[in-house]
Amino acid sequence: MTELPLSTERRLGLVIDLDTCVGCHACVVSCKGWNTENYGAPLSDQSAYSGAGSGTFLNRVHSYEVQPDNGAAQLVHFPKSCLHCQDAPCVTVCPTGASYKRAEDGIVLVNESACIGCGLCAWACPYGAREMDAAAKVMKKCTLCVDRIYNENLPEVDRVPACVRTCPAGARHFGDFADPDSAVSILSAERGGMDLMPEMGTRPTNKYLPPRPRDQLQETDILAPYLAPVTDEPKGFLGWLDRTLSALPKGPL
Amino acid sequence: MHPAPSVILFTTFSGLGFGMLFWLGLGMPAPTGLVAFVFFALAYALAVGGLIASTFHLGHPERALRAFTQWRTSWLSREAWASVATLMVMAAYGAGLVFAATRIAALGLIGAALAMATVAVTSMIYAQLRTVPRWHHWSTPALLVIYSLAGGALMTGQVRYAMPLLVLAGLAQVSAWMSGDKRLAESGTTLATATGLGGRGAVRAFEPPHTGPNYLLREMVHVVGRKHANRLRLIGLVLGFALPVLLLALPFAGHWLALAAVLSHIAGVLATRWLFFAEAEHVVGLYYGKR
Ligand code: SF4
Ligand code: SF4
């Protein structure tokens, strides 16, 4: 049913630490691996070895450059997957009821045997979290590894989403945001966890921790300012050399 | 957004078909017998043909009946109901005209209202999407309804109404383009809000997550065609509205000229409908440093 639950008992989701993520894409690979072998249709690739390959992924890592007004630019690796929004527009647009949000834990899922592959839910998601599988022709999205987190056949340590289990940097955390004492709630509160595109009104469950400010290079020599070069133009012999070389006709290079 | 032929054909032809049903329902014209049959057959061919075209872009058209289940939240599901309701009511009304030469006026009025409701509901599928700021505006349903009224009037020979409606549709289109061009900027969604990093400095997409194309880029980040946008806008306006009005205004107007006006209008609507999709920017493009 595509009516959203008014509230969910638990609010399971991820905290993604943009300060810690090193952009290794291990979560992308482990997600693809787990979700190709488990829940629903496999995540197919088309012409994977052709050089123009394309495939379905539920998690993708962007990289952004942030240039502050002062100081060096910073590179931020940015993993992006379904945020399991509380006001999920992808669910309400679905004509078939294939897309739904679970009342018990807030996970947003697609019932693939009811999906007609109209693609409207992917249009409604601001984050690009849904991809139509080109082979199965049904909508694929992050399941929060619903087939791991409750799976009693797995050792307890593995009962977290594959991306969280894999991340070598510890940049991904899984837990219940409805519980104010959970690790993810505390982490998000302490580090200023943010919503992506809050103006879209989707109320994402997943939170992103902003990168910490970078260290500034400190001036250690108190006399250094007095020794600062007075001109950038070379003078004397170097200046003569610079002018002469510049005046020469261009060489073979 | 990717201008998929199936969706362009669907919205264009079903818009015309339901527009025809609207005027037929009002009894303008109210033919009987064979003439009525030809009118209704054409309207149904367009409306149903459009609906069938729309199933071509479904991954699993064999499950299409499921699309009737979620009318409480989904405009796409409501569209399924509205179009079927219109087609059934108008079939009964049309049967009266064709086989019994009787016009059941009340039934026609209900059918006309349903026909326009169908067009409006279809347009809400697009207008509801916050993710496409250009569409997320009342002008989207207004525009598609005016298009349908004008096209329907033209196709049913209601020259008196077709001329002002065509002019109105052209003007509405121009104003929708003008305001639509600004709407992404006005929406306030930028790479800064998309990443949440805007407060720290200028954000630039440095490296995309994948080197090849993917579903998201193919489906929602269509930038290639936009370079011809201005030329196509002009072609759309001339063929869709100016030329048909001119042809209708000619003193020696006859069936052939009317046919030329109809064909020109359809070509123009197809051009503007292509732009409706090709020019619509989905905010997911921002994550890729595109729009
Ligand atoms: S991130 Fe996208 S797919 Fe996931 S719940 Fe939100 S709107 Fe839906
Ligand atoms: S693609 Fe499937 S899940 Fe998405 S809106 Fe269409 S029917 Fe629903």
* **region A:152-199: C-alpha pair distances exceeding 13 Å, %** => 66 percent
* Please tell me the relative contact order of chain B in percent, rounded to the nearest whole number, where contacts are Cα pairs under 8 Å and at least six residues apart. => 24 percent
* Along the charge dipole of the protein assembly as shown, which of A:ILE186, A:TYR226, B:HIS282 sits closest to the positive end, that is, farthest toward it, with unit charges on the beta carbon of Lys, Arg, Asp and Glu (+1, +1, -1, -1)? -> B:HIS282
* Structure fact -> For the A:ASN70, A:LEU248 Cβ pair and Förster radius 41 Å, calculated FRET efficiency rounded to 0.05 is 0.55
* Asked: If the cut-off is 26 Å between C-alpha atoms, which lysines fall inside it for A:LYS141, apart from same-chain ones fewer than 8 positions away?
  -> A:LYS32, A:LYS80, A:LYS101, A:LYS207, B:LYS290
* Asked: Tell me, what ³J(HN,Hα) does each residue in region A:173-178 have, in order and in whole Hz, if you take phi through Karplus 6.51 cos²θ - 1.76 cosθ + 1.60 with θ = phi - 60° and put x for Gly and Pro?
  -> 10, 10, x, 9, 7, 6
* Please quote Rg/Rh for region B:85-141 to two decimal places, taking the Kirkwood radius as Rh and restricting both calculations to Cα atoms. => 1.24
* Dipole of region A:12-209 [Lys/Arg +1, Asp/Glu -1 at C-beta], most positive-end residue of A:THR143, A:ALA73, A:LEU12 -> A:THR143
* Structure fact -> Counting Lys and Arg as +1 and Asp and Glu as -1 over every other residue whose Cβ sits under 13 Å from the Cβ of B:THR140, the net charge comes to +3
* **Packing-based exposure ordering (other Cβ within 10 Å, fewest first) of B:GLU281, B:GLU219, A:GLU199, A:GLU233** => A:GLU233, A:GLU199, B:GLU219, B:GLU281
* Per-residue average of Cβ from other chains inside 10 Å of A:127-140 -> 4
* Fraction of antiparallel bridges per DSSP, region A:12-209 only, in percent to nearest 5 -> 90 percent
* Hey, how many Å between the Cα centroid of region B:266-291 and the Cα centroid of region B:13-71? -> 25 Å
* To do: Subtract the Cα-Cα distance of A:LEU6 and A:GLU152 from 0.36 nm times their separation in residues, and report this length gain in nm to one decimal.
  => 49.6 nm
* C-alpha long axis of helix B:33-55 to longest principal axis of chain B, angle in ° -> 20 degrees
* Cross-link partners of B:LYS227 among aspartates and glutamates (Cα-Cα below 20 Å; sequence separation of 8 or more within a chain) -> B:ASP181, B:GLU219, B:GLU279, B:GLU281
* Asked: Which lysines have a Cα less than 24 Å from the Cα of A:LYS235, not counting those fewer than 8 places away in the same chain?
  -> A:LYS250
* **Number of partner chain Cβ atoms within 10 Å, mean per residue of A:75-82** => 3
* Where does each of B:THR102, A:THR205 land when they are ranked from fewest to most other beta-carbon atoms within 10 angstrom? -> B:THR102, A:THR205
* What relative contact order, as a whole-number percentage, does region A:12-209 give when Cα pairs under 8 Å and 6 or more residues apart are counted? -> 30 percent
* Asked: Can you give me the Cα centroid spacing of region A:48-123 and region B:75-113 in angstrom?
  -> 41 Å
* To do: Within 10 Å of each residue's Cβ, count the other Cβ atoms and sort B:PHE40, B:PHE241, A:PHE237 from fewest upward.
  => A:PHE237, B:PHE40, B:PHE241
* Structure fact -> Inter-part gap, Cα centre of region B:194-213 to Cα centre of region A:157-226, in whole angstrom, is 17 Å
* From the phi of every residue in region B:173-186, what ³J(HN,Hα) in whole Hz does the Karplus formula 6.51 cos²θ - 1.76 cosθ + 1.60 yield, where θ is phi - 60° and glycine or proline is x? -> 5, 4, 5, 5, 5, 5, 6, x, 4, 9, 6, 4, 4, 5
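Computed from the coordinates by the stated procedures, all read-outs in this text should not be read as laboratory data. The model shown is predicted, which means the values in this text are computed figures rather than measured ones. Every residue, glycine among them, receives a Cβ derived from its backbone with ideal geometry; neighbour counts consider all protein chains shown.
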